[in-house]
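The values are calculated or read from the model by the stated rules, or taken from the named source; none is laboratory data. Fair warning: this is a prediction, and the values are worked out from it, not measured in the lab. Positions of Cβ are backbone-derived with ideal geometry, glycine not excepted, and every protein chain shown enters the neighbour counts.
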Amino acid sequence: MYKSVFLRQFKDVMSTEKEKLRIDKYLWSIRVFKSRSIASEACDKGRVKLNGVSVKASKGVNIGEIYEVRTEAKNWVLKVMELLHNRVQYSEAIKFYTDLTPPEDKDLMPYQSESFYTGKRLSKVGRPTKKERRNIEGYKEGDEIQESGDRSQETGEYKIQ
């Protein structure tokens with residue numbers, strides 16, 4: 001008998017705990033941020049606002065609230081439609097919020113395909129190649145420079161043939 005009373009109370013506590021949801025976990029679960037730690041860091045830096053006021057990562061989320069979220073790629077204005085406790089695929093996650101971002105803000109956002117930008121420098125631009133480095137070292141020692149043919153010695157730029 002005591003066990004059943006305890007279990008009922010425990011289930012009631014768990015159901016109310018399930019209704020509480022932190023803002024960092026919510027933003028992570030609807031896929032605004034890649035990880036929960038990045039979401040909590042954004043809250044700490046003041047990039048997540050409710051009614052123009054920055055919120056802490058531990059703030060509870062309620063249905064109907066409107067949040068302003070700044071990420072590197074986009075400025076979001078999100079209205080909470082339902083609470084989402086676990087991360088799900090994008091097609092499911094978009095059902096839990098409404099994007100209220102003004103169209104003019106969407107147009108101003110720069111588009112850059114992540115798949116093509118690697119962050120590396122262009123090939124053969126900047127640093128000399130191994131052959132060119134040996135020619136430079138030979139020139140410093142007093143030897144003649146052997147022309148590599150492709151690259152201009154004055155500017156270091158390649159000639160297009």
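Results, tabulated for the structure shown:
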item	result
First in region 62-84 and under 14 Å from Val32 (Cα atoms), second anywhere and surrounded by 15 or more Cβ atoms within 10 Å (Cβ to Cβ) and charged (D, E, K, R), Cβ under 6 Å, 6 or more apart	Glu68/Lys49; Arg70/Arg47; Val77/Glu68; Val80/Glu65
Filtered residues of region 47-73 (kept if in a loop (DSSP other than H, G, I, E, B) and surrounded by 15 or more Cβ atoms within 10 Å (Cβ to Cβ))	Arg47, Val55, Ala57, Lys59, Val61, Glu65, Thr71
Residue list for region 43-62, restricted to those being in contact with a strand residue (DSSP E or B) (Cβ under 9 Å, 6 or more places away or on another chain) and more than 15 Å from Asp24 (Cα to Cα)	Asn51, Gly52
Residue, modelled with the lowest pLDDT, within region 25-82, restricted to residues that are among the hydroxyl-bearing types (Ser, Thr, Tyr) and closer than 18 Å to Thr101 by Cβ	Thr71
